[in-house]
Every structure is written in structure tokens, then in C-alpha cells.
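So the structure is just underneath, and the comments pick up after that.
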Amino acid sequence: MQDTPIDSARTTSVPFVADDDKSLPLRINGKPFFHGGDPSMPLLWFLRDTLRLTGTKFGCGIGACGACTVLVDGKAQRSCLTPISAATGHDIVTIEGLATGDALHPVQRAWIEADVAQCGYCQAGQIMAAVDLLKRTPKPNDADINRISNLCRCGTYPRIRQAIKRAAELMHGASK
Ligand code: FES
Ligand code: FES
């Protein structure tokens, strides 16, 4: 059995048809897919290799770096450590699904304003972690931001901090 075909990941309407009762349904960026293979396969592989949603990156594969961070029911989660069986039935959002149409998410806008990215490899994960933080803590202080455990090999942490505070302003009108 095959997973949902690659091209369908970018279409606006993907019919969900599980071709047997062992297929695992997934909802990714608001669209339905199914996985017919190993249920222990990391979600990251499905995103990148099956759907070709390559904004989410592989860094360490052991949950340490955060490059693979996606939102699962709105919470930041390491997709390299998330088996597909644990993702089924949940709403998954990747960096490709963060904007609303042509309107970037405020965190993305803040990231651009602050010119955060250096090599860019960690940035999708950083942004998803920031979205989660700002949802839980609308006006994060430095200590709140320091609790984000995503790593940046380029060390662009000051700009990440600046962008998160700017995103808080864009979203909530003020920051500490
Ligand atoms: S690749 Fe998932 S935490 Fe590093
Ligand atoms: S911008 Fe290069 S690893 Fe973070």
C-alpha cells in the first residue's frame, strides 16, 4: 500500500480515502492524508519524504535540536520523535501551513522585520516554537524565551529574541 501521493500535498482539495482499515488518517495543514506503512515511522519522514513538505528540517533525530518542530494541536513538538501512530487524529501544522493565504503569520512577519535567519536551517523550527510560546505566553519576557530549547548553530539568538518580542507586539499590542 502507498501513502497519499506526493503531489496531493500541495493541492487545495485532497479526498481522504483510506484503502484499508489499517491506514492511519492524518490532518496536516488542514488537509487530510493517510499513511499506509509502518505506524512507528517518524512523522518527520512522512512530512519530508512523502509529502515533500521540506520546510521542516532533520537535524539530530534524537529530539535535541528542534529543527523538526511542528505544531500538534497547537503545541510545538519534535516530529523526529513523533511516530505517525501518535500523530493520527491530531491537527498538525508545518511551516508551510502557518500563513493564511497570502497573509504571513505575525511571527513570520516579525522574523522578516528582524532579519533573523543566517543559514536558515533551524528557522522553521524556531518559528514554530515561537508560535507555541506566544500562544501560551502572549507577552513573553527573556526568561520565557530562554525556555525555548531549539538550537541555532549560527547563534542568531539575539535576533530570535527580538523577533519574538516584535511578534508579541504585532499579535497582542505590547511586549515586555
Ligand atoms: S531533528 Fe528532531 S530534534 Fe533534532
Ligand atoms: S540560522 Fe543557521 S542554524 Fe540557525
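Against the test of being farther than 30 Å from ARG153 by Cβ and modelled with pLDDT under 95, the options PRO32, PRO15 yield a single qualifying residue, PRO15.
Note on segment 129-147: among residues that are free of Cβ contacts under 8 Å to residues at least 60 places away in the same chain and surrounded by 14 or more Cβ atoms within 10 Å (Cβ to Cβ), the one that is nearest to the chain's Cα centre (by Cα) is ALA130.
Is it the case that segment 75-83 has a residue that's part of a loop (DSSP other than H, G, I, E, B), more than 15 Å from the chain's Cα centre (by Cα) and either assigned by the TED database to the domain that holds ASN29 or free of Cβ contacts under 8 Å to residues at least 60 places away in the same chain (or both)? No: segment 75-83 contains no residue that is part of a loop (DSSP other than H, G, I, E, B), more than 15 Å from the chain's Cα centre (by Cα) and either assigned by the TED database to the domain that holds ASN29 or free of Cβ contacts under 8 Å to residues at least 60 places away in the same chain (or both). So, in segment 89-104, of the ones that are assigned to a strand (DSSP E or B) and out of contact with any strand residue (DSSP E or B) (no Cβ under 8 Å at 6 or more places or on another chain), which residue ends up most open to solvent (accessible area, probe 1.4 Å)? Filtering segment 89-104 for residues that are assigned to a strand (DSSP E or B) and out of contact with any strand residue (DSSP E or B) (no Cβ under 8 Å at 6 or more places or on another chain), the one most open to solvent (accessible area, probe 1.4 Å) comes out as THR100. Scanning segment 32-70 for residues that are outside any loop (DSSP other than H, G, I, E, B) and in contact with a Ser or Thr (Cβ under 8 Å, 6 or more places away or on another chain) yields a total of 11. Flag: LEU26 does not match the condition of being in a helix (DSSP H, G or I) and surrounded by 22 or more Cβ atoms within 10 Å (Cβ to Cβ).
Remark: pairs (first residue in segment 148-174, farther than 23 Å from ALA67 by Cβ and open to solvent by 80 Å² or more (accessible area, probe 1.4 Å); second residue assigned to a helix (DSSP H, G or I) and within 13 Å of ligand 2 (Cβ to nearest atom); Cβ separation under 8 Å; 6+ apart in sequence or on different chains) are absent.
Does any residue of segment 105-127 turn out to be closer than 24 Å to ASP73 by Cα, open to solvent by less than 50 Å² (accessible area, probe 1.4 Å) and not in a helix (DSSP H, G or I)? Yes, some residue in segment 105-127 is closer than 24 Å to ASP73 by Cα, open to solvent by less than 50 Å² (accessible area, probe 1.4 Å) and not in a helix (DSSP H, G or I).
The values are calculated or read from the model by the stated rules, or taken from the named source; none is laboratory data. Bear in mind that the values here come from a model prediction, so they are computed numbers and not experimental data. All Cβ positions, even for glycine, are placed from backbone atoms using ideal geometry, and neighbour counts span all protein chains on display. For accessibility, only protein heavy atoms count, side chains too; no ligands or nucleic acids. Shrake-Rupley method; radii C 1.70, N 1.55, O 1.52, S 1.80 Å.
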